[in-house]
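The values are calculated or read from the model by the stated rules, or taken from the named source; none is laboratory data. Source: prediction; values computed, not measured. Neighbour counts are summed over all protein chains in view; Cβ atoms, including those assigned to glycine, are modelled from backbone coordinates with ideal geometry. Surface areas here come from the heavy atoms of the whole protein model, side chains and all, with no ligands, DNA or RNA. Shrake-Rupley method; radii C 1.70, N 1.55, O 1.52, S 1.80 Å.
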Amino acid sequence: MLPNQDEILAVLENCSTEAELKEFFVQYLGKKWSVNGLFKQMKDLSPEQRKTAGQEIKMLHDTIQTAFFAKQDEIKKAYWDEKLKEEIVDISTPANTLPRGYANLQNLLRRNVENLFQWMWFHIEYGKDLVSIQENFEHVNIPANHPATEMHDTLYIKDETHPKSKVLRTHTSAHQVELIKKYWPSCKFIVPGKVYRNESMDASHDVVFWQVEWVVIGKWITMKHFKHTMEEVLKGILETDSIELRMRPAYFPFVEPGVEIDAKAEVGGKEKWLEILWAGMIHPVVLENAGLDPKEYSGFAFGLWMTRMVALRYGLGDIRLLTNGDLRFLHSFPEATTI
Ligand code: FA5
């Protein structure tokens, strides 16, 4: 005797949750029941009866299965209809706009400079703002009694052990020795970043300004390499192919010889020589401090006055605009939104 199809479909009709559906499946469509079980019962029938009964069982199974899938879709749809009513997402609602950040103009130039040097296979290092007195002065051959070490030039940090425990780096040259050691013998690196001076502020002086240092050391590095690198870098930064430069002798304890480099530029409709760069061949004492034999190796170091370059590029009359956080100033440079 075949089970009653209508009774089974009525049971299915009464299912309203996924759990009930699962139970129904096990009972009426699962392995234990129906087809297998019913086919077993057919063993006592004659071959003729078995053929008809087989077809009927198959039809019954297919009908229940089709109804089951339809019911399953119906229950799923009801579940999602209910859920979506609770969690409406209106994609036409205008989004909350967050206030847009602006890059400091010095950071924009820093990125240009980094790209330029990366293209020439230089390592990039940022160092740290707080360094030891040895790093800032002694390593780069600045003696303890040098005027630059005075409190009126330099910002010292005291702790319980010492009134001058650390110093806010006064120049990016403070990282020369540590980085020469780190990168030797592949010694080409730049250090862009902020430096600090204990000075009174005016239109061209701030307590914090930006420099970028670049250093190359190897065998047979001469003033010829020095000049070539300088021209390539300045052409890249100033975005011009013709650049007029002049070098004047200058004294820095960590280079020998040392030079000050001026670039000719148009400012306020007039051509002017502008101080932008300091450099020199690295002093033998600095090479020795980094563990290198100055008779065998040589190199050069440059310090670019980034803040000055930014002031020139954007025509700023006062460098303090770059650090006083005035949003009207920051928002007037659309290129600074490309963060
Ligand atoms: C240096 O800082 C050297 N480390 C540069 C250098 C690097 C030389 C590598 C050779 C080789 P100096 O202390 O002179 O040098 O500073 C560089 C320039 O920064 C100064 O000439 C001055 O024009 C500028 N500068 C100094 N103080 C301030 C300040 N408070 N605000 C803005 N710019 C300043």
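Expressed in Å, the radius of gyration and Dmax of the Cα atoms of the chain are 39.7, 119. If R0 is taken as 30 Å, the Cβ-Cβ distance between residue 248 and residue 327 corresponds to a FRET efficiency of 0.15. Pairs over the 25 Å Cα-Cα cut-off, from the set 182/219; 164/295; 188/272: 164/295; 188/272. Remark: spin-label model distance residue 285-residue 56 equals 11.3 nm, labels positioned 7 Å along the Cα→Cβ axis.
Computed FRET efficiency, Cβ-Cβ of residue 85 and residue 13, R0 30 Å: what is it to the nearest 0.05? Here the calculated transfer efficiency is 0.80. Students often forget the sequence filter, so: which lysines lie under 27 Å Cα-Cα from residue 85 once same-chain residues fewer than 8 apart are removed? Straight-line reach from residue 85, under 27 Å: 22, 71, 76, 77. Spacing of the modelled spin labels on residue 158 and residue 121, each 7 Å from Cα toward Cβ, amounts to 5.0 nm. Sorting 234-244, 143-153 by average packing, meaning the other beta carbons within 10 Å per residue, from highest down gives 234-244, 143-153.
Between residue 256 and residue 271, the contour length at 0.36 nm per residue exceeds the Cα-Cα span by 2.3 nm. Taking a straight line from the alpha carbon of residue 235, these aspartates and glutamates sit under 16 Å away, with near neighbours fewer than eight places off in the same chain left out: 114, 244, 262, 266, 275. In terms of its Cα atoms, region 5-86 spans 59, 18, 17 Å along the principal axes, sorted from long to short. Derived scalar couplings between HN and Hα for region 153-160 equal 10, 10, 9, 9, 10, 9, 9, 5 Hz in order, rounded to whole Hz, by the Karplus curve 6.51 cos²θ - 1.76 cosθ + 1.60 (θ = phi - 60°), x for Gly and Pro. Measuring nothing but how far apart in sequence close Cα pairs (under 8 Å, 6+ apart) lie, relative to its length, region 5-86 scores a relative contact order of 39 percent.
From helices alone, the chain scores -11500 deg cm²/dmol at 222 nm; the rule is -39500 (n - 2.57) for each run of n ≥ 4 DSSP H residues, then divide by the residue total. Sequence-distant contacts, meaning Cα pairs under 8 Å at least 6 residues apart, place the relative contact order of the chain at 15 percent. On the basis of the beta-carbon distance and an R0 of 41 Å, residue 134 and residue 240 show a calculated FRET efficiency of 0.55.
Place +1 on the Cβ of every Lys and Arg and -1 on the Cβ of every Asp and Glu in the chain, take the dipole about the Cα centre, and give the residue among 78, 278, 4 whose Cα lies farthest towards its positive end. Positive-most Cα among the choices belongs to 278. Ignoring ligands, DNA and RNA, please state the percent of accessible area on the chain from carbon and sulfur, probe 1.4 Å. Looking at the chain in its full context, I get 55 percent from C and S.
Annotation: per residue accessible area for the chain equals 60 Å², rounded to a whole number [probe 1.4 Å, protein chains only]. A simple charge model with +1 on the Cβ of Lys and Arg, -1 on the Cβ of Asp and Glu and nothing else charged puts the dipole of the chain at about 720 debye relative to its Cα centre.
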